[in-house]
């Protein structure tokens with residue numbers, strides 16, 4: 001028997017919602033994610049989980065949860081990529097509102113209520129709402145540095161309360177909007193950004209829900225950090241090369257990335273040069289002053305506005321301040337390398353470019 005019909009409304013007056021969760025090799029965190037969802041104070045919702053081919057026991061864990069809870073449904077992905085996983089879950093969605101998160105997120109008790117409420121009396125041009133992500137670093141400097149970076153900060157406001165983009169792990173859409181605008185199944189990464197970009201191009205609005213908080217795990221090991229950069233760049237290069245409505249074309253994207261890397265190299269080169277001269281020459285006082293001023297300018301540039309972002313829900317480690325410039329440079333270097341690599345070998349997929 002179905003848990004609820006498509007237009008079922010709970011006794012509280014709030015409509016039922018389907019919460020879609022994407023997972024792959026999340027054995028360490030999926031239990032905490034599902035526990036936080038099950039503890040949500042929203043009156044009526046289902047949890048639809050798509051496993052993308054886990055090899056670490058994740059599938060077994062979510063199947064055990066499904067046996068204990070009638071509102072959890074498990075789906076094993078048939079194809080590859082985040083966009084395809086989202087579209088497959090859409091086949092199971094029955095509610096008028098569909099929220100999205102992933103197996104590495106822990107959600108506030110009122111998360112679902114905060115996402116859905118702004119959409120209830122909104123006009124037809126409002127497509128969805130999204131909240132802020134807070135980093136769980138687990139004592140990892142690398143995780144905190146990624147949290148301080150400008151990457152993946154969602155939502156980015158283009159006007160008070162109106163977002164440019166919403167994060168795919170902390171968002172709720174009206175189901176009818178997603179029925180009319182299917183997910184980009186050819187994108188392995190960046191499908192959430194592409195969806196927001198396409199909806200905004202069609203005149204839809206995206207609402208900021210500041211109290212809808214998701215606490216997310218990010219990369220705590222270099223190998224995972226490296227693989228994350230590769231996936232991110234592949235998705236962005238694919239988007240820039242394939243889509244006519246992409247904000248910039250592939251050639252411009254490559255050029256901007258190259259200039260960013262050159263700026264970082266020039267800044268670090270200046271600091272290293274001053275440091276070497278300070279050691280080798282007798283003019284130590286003026287060189288020391290120049291070194292300190294240059295370092296302050298560089299750090300001010302790196303840290304500008306970043307501590308104001310809604311990303312760190314915990315105290316910043318002192319060693320994070322020291323290592324952030326190095327990890328920032330490493331990120332830019334690897335990012336630029338993979339942009340160059342993927343752009344060289346990329347071919348446009350005919351018939352799959354635009355919707």
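The values are calculated or read from the model by the stated rules, or taken from the named source; none is laboratory data. All figures in this text were calculated on a predicted structure; none of them were measured in a lab. Cβ placement follows ideal geometry from the backbone for every residue including glycine, while neighbour counts extend to all protein chains displayed.
Taking the range 13-24 as the range and being over 21 Å from residue 188 (Cβ atoms) and buried (at least 23 other Cβ atoms within 10 Å of the Cβ) as the test, the residues that pass are 16, 17, 18, 19.
Cβ-Cβ distances below 9 Å connect no pair with a first residue in the range 143-160 that is closer than 15 Å to residue 200 by Cα, a second residue that is at pLDDT below 80 and surrounded by fewer than 19 Cβ atoms within 10 Å (Cβ to Cβ), and a separation of six or more residues or different chains. In summary, residue 228 fulfils each of the numbered conditions (1) part of a helix (DSSP H, G or I); (2) touching a residue at least 12 places away in the same chain (Cβ under 8 Å); (3) within 30 Å of residue 127 (Cβ to Cβ) with the single exception of condition (2). Pairs please, first residue from the range 326-355 and on the phi > 0 side of the Ramachandran plot and surrounded by fewer than 14 Cβ atoms within 10 Å (Cβ to Cβ), second anywhere and assigned to a loop (DSSP other than H, G, I, E, B) and modelled with pLDDT of 75 or more, Cβ atoms under 7 Å, 6+ apart in sequence or on different chains. The qualifying pairs do not exist here. So which residues in the range 188-234 are under 17 Å from residue 164 (Cβ atoms) and within 14 Å of the chain's Cα centre (by Cα)? Across the range 188-234, the qualifying residues are 190, 191, 192, 193, 194, 195, 196. Just to be sure, is residue 55 at pLDDT below 95, closer than 17 Å to residue 104 by Cβ and surrounded by fewer than 16 Cβ atoms within 10 Å (Cβ to Cβ)? Yes: the conditions hold for residue 55. Residue-level check: of (1) surrounded by 20 or more Cβ atoms within 10 Å (Cβ to Cβ); (2) over 18 Å from the mean Cα position of the chain (by Cα); (3) within 22 Å of residue 136 (Cα to Cα), residue 27 misses just (1). Summed over the range 165-180, residues that are surrounded by fewer than 18 Cβ atoms within 10 Å (Cβ to Cβ) and either part of a strand (DSSP E or B) or modelled with pLDDT under 95 (or both) total 0.
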